[in-house]
Amino acid sequence: MTLSPYAPILGLMALAAFFALFSVASARIAGPRRYNRAKLDAYECGIEPSPQPVGGGRFPIKFYLTAMLFIVFDIEIIFLYPWAVSFDSLGLFGFVEMVMFIGTVFIAYAYVWRRGGLDWD
């Protein structure tokens, strides 16, 4: 009796698991099995794979910085959405708080932009 509110969620999870298992099994059964050396090699965007990394193994830090910037601004959007939904009930206090929040994030954005974190050389 107490599980009845969770029945749709459990049903959706069961449907998702069935679809995943069915997709994997049908691809295994219906898919082509013509393997050659090129298909079994790692895909390197047309570059011949080698055991040594290109450029001495250093990975540019700009990729990590871009990912971190995406996370910061994505979290900003996550905080803006509930505020926009309940804007009327928050009143002036909610508006001032959100202006301060957006101002803080904008300062961080301007700092990153000024330092060249958004430039791709």
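Under 7 Å between Cβ atoms, at least 6 apart or on separate chains: pull out the pairs that start in segment 102-114 with a residue that is surrounded by 12 or more Cβ atoms within 10 Å (Cβ to Cβ) and end on any residue that is among the β-branched types (V, I, T).
Once the first residue is surrounded by 12 or more Cβ atoms within 10 Å (Cβ to Cβ) and sits in segment 102-114, its partners that are among the β-branched types (V, I, T) give A108/V72.
With respect to D74, determine if the residue is exposed (fewer than 11 other Cβ atoms within 10 Å of the Cβ) and either at pLDDT below 80 or touching a helix residue (DSSP H, G or I) at 6+ places or on another chain (Cβ under 6 Å) (or both).
Here the answer is no, as D74 does not meet what is asked.
For segment 80-95, give me each residue that is surrounded by 12 or more Cβ atoms within 10 Å (Cβ to Cβ) and without any contact (Cβ under 8 Å) to a residue 12 or more places away in the chain.
The answer is F87, L90, G94, F95.
In segment 77-112, how many residues are of a type in the set (F, W, Y) and under 22 Å from the mean Cα position of the chain (by Cα)?
The qualifying residues number 4.
The values are calculated or read from the model by the stated rules, or taken from the named source; none is laboratory data. Bear in mind the structure is a predicted one, so any value in this text is a computation, not a measurement. Using ideal geometry, Cβ is built from the backbone for each residue, glycine included, and neighbour counts are taken over all protein chains shown.
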